[in-house]
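To keep things clear, I will list the structure first and then write my remarks on it.
No lab work stands behind these numbers, since they all come straight from the coordinates. Being a predicted model, the structure only gives us computed values, none of them experimental. Note that each Cβ is placed from the backbone with ideal geometry, even for glycine, and that neighbours are counted across all protein chains shown.
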Amino acid sequence: MVDQLPNLGREKEMLAAMGMESMEDLFIDIPNSVRVQGQLPLPDPQTEEEILADARRLLGANTNHASRPSFLGAGLYRNYVPASVFQLVTRGEFLTAYTPYQPEVSQGMLQSMWEFQTLISELVGLPIANLSLYDGSTAAAEALTCAVRVHGRKATQENTVYVSELTPPDRLSVMHNYCQGADIQIKMLKHGPDGKVALTSFEEAKGSCGVYVEQPNPYGILDEGLTTAKEIIGEDTALIVGIQPVSLGMVEAPGAYGADMVVGEGQPLGSPMTCGGPLYGIFACHKPYLRLMPGRIVGRSVDVDGNEAYCLTLSTREQHIRRHRATSNICTNETLIALMGAMHMALLGPEGLQELALRNMSASQKLKEELSNIAGLNLPHEGPHFNEFVLEVPGSANSCLEYLDSQGIFGGFNLQEWNPNITNQILVTTTDQTSLSDIQMLSAQLRNWVNHKGVKA
Amino acid sequence: MSHLFGHNGAIGKGYAQPQPMATITPVSLPSTLMRKQAPKWPRLSEPEMVRHYTWLSKRNFGIDTGFYPLGSCTMKHNPRINEVIAQLPGIADIHPHQGEKHLQGLLSIYYEMQEMLAVCSGMDEVTLQPVAGAQGEFTAVRCIQEYFRQRGEDQRTKVIVPDSAHGTNPASAAMAGYEIVEIPSRADGRIDLDALRAVADETTAAMMITNPNTLGLFEQDIVEASTIVHDAGGQMYYDGANFNAILGLTSPGLMGFDAVHFNLHKTYSQPHGGGGPGSGPIGVKSQLAPFLPSPIAGKRDATAEELLHSVDGSWYYWLTPEHTIGKVQQWHGNAGAVVRCWAYYRRYGNGLRTMSEHAVLNANYLRHAIHREAEAAGVSHMFRDGAETIVAKHEFTLSMEPAKQAVGISAMDVAKGLLDRGYMAPTVYFPLVVPECMMIEPTETESKDTLDTFAKHFVEVLQQSPESLHEAPTTTPVRRVDEVYAARNLCLRHPFETNELN
């Protein structure tokens, strides 16, 4: 505490300059009836050294993913973030700045975010990107309300949007919270047994305000059908595609097959998982959505001398100007994490991104090859997949994952958490950080599970 | 100028990666799914990348650069140990779906933070799920909404906000589907109880207010306001943006509030990062607790088997309240921010009150110093207090209206003049109820010397000629930016076609 307060010990002097005698004089306006009596019932202050020691002990008790093979993904992906990204993003000029309301002294962050907008725009194939929303789920939810604002008048299915039925429940829950205030009805897009969207359900969605699908989808499946969705739903229904940004090194940019808005968890580019936050939500769109979209956006301008300069623009959509008529309540966003994303993208370049996508896919392909040799395991969905796929195990997924855990492996994500009726499926994820020995260990232990621990008829 | 899209150093390859894993069948995609055109990204070698972003950072102003008296934003020093801790693999490299036994350390930190925030705010339950202040507002309003729906009080369709409220308050309530009723403040910026009485009725779901208010004044009638709203059957919502002023001195619970959000990035020093990330936990009284979103960390005694993974003999677990509104972010909130703020809180512990006392000391000292310097220089007629008061809390407002009337110097001119003297400008033109407003919040981490020097510079700016101030700033990386041009000639990404930048 003492090393954080430069005026400790100078109180008397400062009070005297104001004609006051005690600190209490500063609080005469707080009625006694609402004053806290006595000291807060909290522990004594600690020094930096003591805090670090406690942090190391407590956080050290968490199992980190560098310490064992991990096949957990399902929306967040272990990745390698180049060292220079951390070095630069912790520069105090970036780290300790507020929102760039004074553009003359905020050009660094403003230009970085304008560059970020360009990188994202190019990545997803749409002309406009904002400078981040909180995460992939809120970006998807805001895209739905934006679709209703834009298409509400012409829609024959009033205030209705369609969302893939595979959307993870926690993401869907965010959508419900964001949509209920505007009375938006969320209907489900059906998927076939192959895990892909049934094209007939795009027909059903015609006349609604928007359709939300993911590519790759939550089962890791790359769905060709999505590339025909826009033709089916037509101009007056927004096609919203949720993406995993690294996949776009190999997979077609949604803008190229008619997406009107693209959203997603930016994390795999530039950010560690950090137990799910802070992340950054990608939000990109076509021109008709621009003036009704959520979030901040940077424009290039000039200063009074005619020099290139950047500033926040289209602010009249935002809460600090438009108040209750704003397009969103978002104020603080995830700028610094978006900056990490921009740095990572700048280091990768287009070929590097393709290579990164290939590393993810190759590891997944390799794992599929290994697992398909093990009798008793089943991969219910034929490819192509990006970096994760569904694995069916004998016995329950839960016991299998517990067994793998006991052998020092995070074996994947139990799909029962998304669908209580499914008890034998695991979502298995590989990333650029998956090694051949990780795959061999998982295969060996799954073989063990099938032979000795699994339920046999 | 350094332009990202002007770099092409590492042609063909950027950052060098290990080889993809060899597979029996080559990786392939159907042609409709293959990407046809690569993104027009630059390729930077590491030296180019480091220099580009270093150059950009030098064109940016943070608390580390200088005094940052941005009212309402609580720009205090961000202790560096927080950053060291946030990069430990036990927080950076963990996944929310890993089981509780693999997250005992983080769960215990969540539990400790929930307890601490409950103690500081006088609330019963806390969730760390919301990731920003505005999202905290939205979350709490949703809890209030479901609470009334469960009670069958669907006619409560309105949320009351004072006209001096932060813009996020009405925006968050409207997003939840509420009609906004705005009530005027009194001439001194404080709440008008008669105006409140006139609108509080059986259609009121909640009132949203911050205290100290956006003029930096303590709302002495707050208990009366709470009573009016409660008597009408509504809930009281506390906007925690100004919480830095009151820790250990008073609490929203004592003032009669039912729900609170905390801006961990203001009060508890999560760095603001040029616009985020933040963290916006909420605390509520018991009647609203069943509606909170998960995750909430619970605690019980560890079983013999669990002791192996326990950090302190207890077992921590995630719990979901019975009537939860569901999620507002997909994961466990901004865990990285929570851990940083835990480190910050540990530094103060039961001394948090001293932190708030010094925040208030510094604000009042600076206000006096500015008036004193202005008087000595004969420019005290150029501005007035935004509201008459004996003491302010953690921030105060000045109105530049007299200068504007007399010589045409606006609050914005003064702001730009301060930029030329190496300061971040205070918040300007907010709250809207003060004409030509400047809102100044020094925070507790500025020394007396910094405050004295700033007061001198502030007064020197007022002594500048209006012409020179209209020209300001002249020493910054760019001069006044044409925001109208930006809005009329929208250029929201690099126009590769014209290539005019390279």
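Summary table
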| quantity | calculated |
| --- | --- |
| Where a label projected 7 Å from the Cα of B:ARG197 along Cα→Cβ would reach, residues of the stretch B:214-258 with amide N under 18 Å | B:220-234 |
| Segment B:ASP312-B:GLU388, extension gain: residue separation times 0.36 nm, minus the distance between their alpha carbons | 22.2 nm |
| Paramagnetic reach from B:SER28 (point 7 Å along Cα→Cβ, amide N under 15 Å) across the stretch A:368-388 | A:383-385 |
| Counting DSSP beta bridges with both ends in the protein assembly as shown, the antiparallel % (nearest 5) | 60 |
| Over chain B, relative contact order from alpha-carbon pairs under 8 Å, at least 6 apart, % | 19 |
| Spin-label model distance (nm) - A:ALA444 vs A:GLU13, 7 Å beyond Cα toward Cβ | 6.8 |
| Over the protein assembly as shown: helical MRE at 222 nm, DSSP H runs n ≥ 4 each giving -39500 (n - 2.57), nearest 500 | -10500 deg cm²/dmol |
| Label-point separation, B:VAL407 to A:LYS187 (7 Å along Cα→Cβ), nm | 6.7 |
| Projected label distance in nm at B:ALA304 and A:GLU369, using a 7 Å step from Cα toward the beta-carbon | 4.9 |
| Residues with amide H under 5 Å from that of B:SER314, placed H, sequence gap 5 or more | B:ALA302 |
| Unsatisfied cross-links (Cα-Cα over 24 Å) in the set B:LYS76/B:LYS101; B:LYS76/B:LYS393; A:LYS154/A:LYS196; A:LYS12/B:LYS416; A:LYS453/B:LYS299 | B:LYS76/B:LYS101; A:LYS154/A:LYS196; A:LYS12/B:LYS416; A:LYS453/B:LYS299 |
| Length-normalised contact order for chain A - Cα pairs under 8 Å, 6+ apart - percent | 20 |
| FRET efficiency, B:ASP154 to A:GLN39 (Cβ-Cβ, R0 35 Å, nearest 0.05) | 0.20 |
| Cβ-Cβ FRET estimate between A:GLU231 and A:ILE422, R0 fixed at 30 Å, reported to 0.05 | 0.40 |
| Relative contact order of the stretch B:384-475, defined on C-alpha pairs under 8 angstrom at six or more residues apart (%) | 31 |
| Two-site FRET efficiency, A:LEU199 against A:GLU402, from Cβ-Cβ distance with R₀ of 51 Å, rounded to 0.05 | 0.85 |
| A:GLN267 long-range amide H proximity, modeled H, under 5 Å | A:TYR280 |
| Residue order, fewest to most surrounding Cβ atoms within 10 angstrom, among B:CYS143, A:CYS179, A:CYS331 | A:CYS179, A:CYS331, B:CYS143 |
